[in-house]
Amino acid sequence: SGGLDPYPATDAPTPTTPWILKSRITQLERMRIIPTSFVLSHDAWERIETSRTTDGEFLFQEGPVDRVNKRIWGVPVVVTDQVGKDEAFLLSQDAVSLLYVTDQGVMVEATNTNMDHFSKNLLQTRMETRLGVAVTRPAGVVRMSLAEGSPVTV
């Protein structure tokens, strides 16, 4: 999706996870799309955080990975179990939207009949809605494989 090229054929470094992520940021920016978040598995984020030099020192004490604020190359990272361990996504701000899937909108219910809520003047509320995810800008959704030796998939 998005017409992104695989790794450049010339002058390509060995594809490491940070390099793969940075190359995708650059390709989106060339299309005038602003990347706003990465979605990575816990395993992928751990591999990035614990990357070491050949001397055994942590590679990212400074530089492109902000471990405290969960950012890489300045782009926020969302870590989840909902993607495969070697899978990643890069999203632009306008790439995905939430849509109501029913005409009911947001439903709110309130009650004071739970346990002793009435005597304590408490009100319990519940809010519910039905939402669906819509891809509104396909070029702003980039799927990647972070498996060692795998070509980038888009």
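The values are calculated or read from the model by the stated rules, or taken from the named source; none is laboratory data. This one's a predicted model, so the numbers in the text were calculated from it and none came from an experiment. Ideal geometry is used to build each Cβ from the backbone, glycine not excepted, and the neighbour counts take in all protein chains shown.
Going residue by residue through segment 56-76, is there one that turns out to be acidic (Asp, Glu), assigned to a loop (DSSP other than H, G, I, E, B) and more than 21 Å from Thr17 (Cβ to Cβ)? No, the conditions are met nowhere in segment 56-76. So which residues in segment 97-128 are modelled with pLDDT of 90 or more and either among the charged types (D, E, K, R) or touching a Gly at 6+ places or on another chain (Cβ under 9 Å) (or both), if there are any at all? The answer is Glu109, Lys120, Arg126, Glu128. Restricting Asp43, Asp66, Asp81, Asp86 to those that are in contact with a His (Cβ under 8 Å, 6 or more places away or on another chain) and within 24 Å of Arg143 (Cβ to Cβ) reduces the list to Asp81.
Looking across segment 79-108, the residues that are in a loop (DSSP other than H, G, I, E, B), under 12 Å from the mean Cα position of the chain (by Cα) and over 15 Å from Met144 (Cβ atoms) come down to Asp81, Gln82, Gln93. If you filter segment 49-91 down to residues that are modelled with pLDDT under 80 and of a type in the set (A, V, I, L, M), you find that the one that is surrounded by the fewest Cβ atoms within 10 Å (Cβ to Cβ) is Val68. Which residue pairs have Cβ atoms under 7 Å apart, sit 6 or more places apart or on different chains, and have a first residue in segment 38-55 that is over 12 Å from Leu146 (Cβ atoms) and a second that is surrounded by fewer than 19 Cβ atoms within 10 Å (Cβ to Cβ) and modelled with pLDDT of 80 or more? Once the first residue is over 12 Å from Leu146 (Cβ atoms) and sits in segment 38-55, its partners that are surrounded by fewer than 19 Cβ atoms within 10 Å (Cβ to Cβ) and modelled with pLDDT of 80 or more give His42/Val79; His42/Asp81.
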